[in-house]
Amino acid sequence: MNRNTRKVAAMGMLCALAYGAAALGRVPLVLFLKYDPKDVVIALGGMIFGPFSALLIAVAVSFVEMLSVSGTGIWGLVMNVVSSASFACTAALIHRKKGGYAGAAAGLFCGWACMVLSMMFWNYLITPLHMGYPREAVAELLIPVFLPFNLLKGGLNTGITLVLYKPVVSTLGHSFPVGR
């Protein structure tokens with residue numbers, strides 16, 4: 001089996017794992033906001049295969065999630081892609097530049113910050129369209145609801161990814177150059 005075939009197969013498996021995490025690992029936290037650990041799998045995939053691969057996995061998983069377990073439609077798809085990609089692609093990009101565990105940690109913390117900031121903007125922009133709430137009501141929820149939720153979500157994803165980084169990358173890194 002050539003290298004590209006192995007990469008496509010591995011990315012397909014990562015998509016399946018991320019989808020499983022999204023479908024089975026959903027935990028309602030506050031209002032309509034739910035945590036799922038799919039971004040952990042997407043970030044690990046990005047660190048192994050690079051930021052563009054993380055984007056592809058995020059789009060594929062979010063699309064299948066929209067068609068199956070999510071009742072949020074196209075707006076939920078957009079929000080899931082933005083959230084997952086801002087976290088995982090940022091982490092993968094920095095990991096690609098710095099490499100190793102230190103690069104992974106720096107990338108994940110930057111990805112966490114990027115995801116929180118981007119989701120504050122996108123929640124303000126999209127939530128009124130998606131949920132039918134007045135924009136003023138959404139603006140009032142940004143700090144007390146959306147900010148803590150995204151901080152918690154990003155913190156969980158960062159911590160879990162850091163714990164899994166060495167075993168996953170050392171296992172899959174033999175077959176694929178890390179971060180390429």
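The values are calculated or read from the model by the stated rules, or taken from the named source; none is laboratory data. Not measured: the values here are computed from a predicted model. No Cβ is skipped: glycine too gets one built from the backbone with ideal geometry, and neighbour counts run over all protein chains shown. Please note that ligands, DNA and RNA were not included when accessible areas were found on the heavy atoms of the full protein model with its side chains. Shrake-Rupley method; radii C 1.70, N 1.55, O 1.52, S 1.80 Å.
Data overview
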read-out: Among the residues listed as V30, V69, the single one being modelled with pLDDT under 95, within 20 Å of F149 (Cα to Cα) and over 15 Å from the mean Cα position of the chain (by Cα); value: V30
read-out: Residue within segment 162-169 that is within 16 Å of Y35 (Cα to Cα), out of contact with any Cys (no Cβ under 9 Å at 6 or more places or on another chain) and charged (D, E, K, R) present; value: no
read-out: Residue match in segment 154-161 (condition: farther than 20 Å from C15 by Cα and either small (G, A, S) or part of a helix (DSSP H, G or I) (or both)); value: yes
read-out: Unique match (being among the aliphatic types (A, V, I, L, M), modelled with pLDDT of 90 or more, farther than 19 Å from Y165 by Cα and part of a helix (DSSP H, G or I)) among A21, A16, A9; value: A9
read-out: Helices (runs of 4 or more DSSP H) contained entirely in segment 24-138, each with at least 2 residues that are open to solvent by 40 Å² or more (accessible area, probe 1.4 Å); value: 51-68, 73-98, 100-131
read-out: Test: residue in segment 158-166 that is over 17 Å from L55 (Cα atoms), touching a residue at least 12 places away in the same chain (Cβ under 8 Å), in contact with a Pro (Cβ under 7 Å, 6 or more places away or on another chain) and surrounded by 15 or more Cβ atoms within 10 Å (Cβ to Cβ); value: yes
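Yes/no matrix, rows are residues, columns are (1) under 13 Å from K153 (Cβ atoms); (2) touching a helix residue (DSSP H, G or I) at 6+ places or on another chain (Cβ under 8 Å); (3) among the aromatic types (F, W, Y):
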| residue | (1), (2), (3) |
| --- | --- |
| S83 | yes, yes, no |
| A88 | yes, yes, no |
| K98 | no, yes, no |
| A106 | no, yes, no |
| W112 | yes, yes, yes |
| T127 | no, yes, no |
